[in-house]
Amino acid sequence: MTSLSFLVDSAQDAKFRLEVRSWMAENLPEELRGWSTRPPREMIQPWHHKLFERGWIAPHWPKEYGGMEASISEQLILQEELGHAGAPILSRQALGHIGPILMRHGTDAQKAYHLPKMLSGEVMWCQGYSEPGSGSDLASLQTRGEVDGEEIVINGQKIWTTGGHFADWMYALVRTNPDAPKKQGGISMVLIDLKIPGISIRPIMTIADDEEFAEVFFDDVRIPITNLVGELNDGWSVAKALLASERIGNANPQLALQCLDKLQRVARVNGTIEDPVFQDKLNKLELDVLAQSAVFAHAIQQAKSGMDIGAGSSFMKIVATENIQRIADLMFEAAGQYAADVEPIATDEGPVDVSVLWREVRRITIYAGSSEIQRNITAKRVLGLP
Ligand SMILES: Cc1cc2nc3c(=O)[nH]c(=O)nc-3n(C[C@H](O)[C@H](O)[C@H](O)COP(=O)(O)OP(=O)(O)OC[C@H]3O[C@@H](n4cnc5c(N)ncnc54)[C@H](O)[C@@H]3O)c2cc1C
C-alpha cells in the first residue's frame, strides 16, 4: 500500500486515521468499492449522505458553511483512507467547484438555498461551460442569455456535461453581451434548475462504455435574474477562479492511490510484482504520487490561508493526470495477456477491470482544459514565456 508518508502522523492524526479506517471498514458498502467508472446516482447518493452525516463530506469547507474545516493532515488522511478503501470518487461539481464559488461570489439567498443541499447530497450539480465549437477556446461560447426584465432567457447548447443527465442544477456560462469589445467581457455565470421547461438532455457514451456526460439544449429557457452569480457580464473572472479550483481538485491523490493499489494487486496475480524492472517502475510512480500529494497539500494550505493559486493549478493538473495515466499504462503492462480482457482480472482483493480503467483515464488529460492548454498557461502565466 502506498502511503502519503511525507507527513508523519501526530498522535492526534494517528487517532483520526484509525477512526476513519475503521469507520470506512464498517460503513463503505462492498458493492461501492473499487469502481473504475462512476457508480450510478442511486448508488452514490446514499454514500454521499452517509459521509455528510458523519461530518466528513466537506473537509475543505469552512465550519461557517457546514464544512469540517479540517487541518491539511486530516484532509490528506481522509483522501488516503478513502483511496485505500476503494471508495468511489464523488462528483466535485458541487462541493469542489460551485459551492466554494458561491461562498465568495454568491448572494446570501444563493448561499442559504444551495449550500446545505450540496452538503447533504440531495441536489447534484453539473458544469455547463463547453459547447460544440468552444472547448479550449472557451471564451468563444455562443449560448445566449438575454436579459428580459427580471429574467434571463437562455438559448443554445452545452456539450460534454459530466453528469448532465442525472444532475438537478447546472452552473453555466452564457453570453449576455454579444457586442462586448472583448469576447470574455460579455459572459455571465448563471445557475439553472434543469427541471424547468425548455431544457432537453441527451447522454453521451464514452470509450469506457460509461454514460459519463451529456449534451444539454436550451430553448427559450427562462431563469430569474437572481440566479446570476457575480455581476452581469463579469462571469469570466468567476469562471476562471472556478477552473483553478477544479484543477487543484484534479490533483487530489485519492484516484492515484486507488490506481496504485489496483496496479499492485494486478501485478501479484502473475508474479510480475517480483520483477525488479517492474519494481523500479512502481517505485518511481509511487514517488511521483507522493510528490503530487505534497503539491496538493501545499495548494490546500495556500487556499486555506486565502492565497490565490491561479495559474499554478495548471501545473498541478498536468502532474496529477499524467501520473494516473502512467499508472494505468503500467497496469496494462503488468496484466500481460489479460490486459485487453473484457472481464475484470480476479485479484487477491477483488476484481480489477484493467481495460476499462485504462480507457477511463484517457479523459483526464482533456477535461478541465487539456494538457496542451495547461502547458500553454504554465508557459505564459507561470514562466512568463512569450
Ligand atoms: C470526460 C470529460 C468530461 C468533461 N466534462 C465537462 C463538463 O462537465 N463541463 C464542461 O463544460 N466541459 C466538460 N468537458 C469538456 C472539456 O472541458 C473539453 O473537452 C476540453 O476543454 C477540450 O475542448 P474540446 O473538446 O472542444 O477540444 P478542442 O478545443 O477542439 O481541442 C482539440 C485538441 O486541440 C488541442 N488544442 C486546442 N487549442 C490548442 C492550443 N491553443 N494550443 C495547443 N493545443 C491546442 C487540444 O489540446 C486538444 O488536444 C469534458 C470533457 C471530457 C473528456
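Scattering from the range 289-360 was approximated by placing one identical point on each alpha carbon and applying the Debye formula without solvent; log10 I(q)/I(0) at 0.25 1/Å stands at -1.04.
What number comes out for the charge environment of P224, summing +1 per Lys or Arg and -1 per Asp or Glu over other residues with Cβ under 13 Å away? Could the numbers behind the result be given before it?
Details: positive: R222; negative: D148, E150, E151, D193.
Around P224, the surrounding residues sum to -3.
The P(r) of the range 213-271 has a tail past 14 Å containing 77 percent of all C-alpha pairs.
Can you give the Rg to Rh ratio of the chain, both from alpha-carbon atoms, with Rh computed by the Kirkwood formula?
Values: Rg = 21.1 Å, Rh = 21.8 Å.
So for the chain, dividing Rg by the Kirkwood Rh gives 0.97.
Largest mean-square fluctuation among T176, T143, T206, in a Gaussian network model of the chain whose springs join Cα atoms under 10 Å apart, belongs to T206.
Considering the range 238-382 at the alpha-carbon level, its Rg and Dmax are found to be 16.7, 51 Å. For the range 46-124, the Cα-based Rg and Dmax, in that order, read 12.4, 39 Å. Each peptide in 303-313, 95-105 gets a packing score, the mean of other Cβ atoms within 10 Å over its residues, and the list from highest to lowest is 95-105, 303-313.
Over the chain, DSSP H runs of length four or greater, each weighted -39,500 (n - 2.57), average out per residue to a 222 nm ellipticity of -14000 deg cm²/dmol. Computed over the alpha-carbon pairs of the range 125-234, the distance histogram in 5 Å steps reads 2, 14, 24, 25, 19, 10, 4, 2, 0 percent, short to long. Inverting the pair-averaged 1/r between distinct Cα atoms of the range 1-106 gives 14.8 Å as its Kirkwood hydrodynamic radius.
For the peptides 114-126, 47-59, residues were scored by their other Cβ atoms within 10 Å and the scores averaged per peptide; the highest-first order is 114-126, 47-59. Counting other Cβ atoms within 10 Å as a rough exposure proxy, the listed residues R92, R362 run R362, R92 from fewest neighbours to most. Stokes-Einstein diffusion of the range 202-322 at 10 °C, 1.306 mPa s viscosity, Kirkwood radius from Cα pairs, rounded to a whole number: 88 µm²/s.
FYI, it's all coordinate maths here, none of it is from the lab. Computed from a predicted model, the values in this text were never measured in an experiment. All Cβ positions, glycine included, derive from the backbone under ideal geometry; neighbour counts span all protein chains shown.
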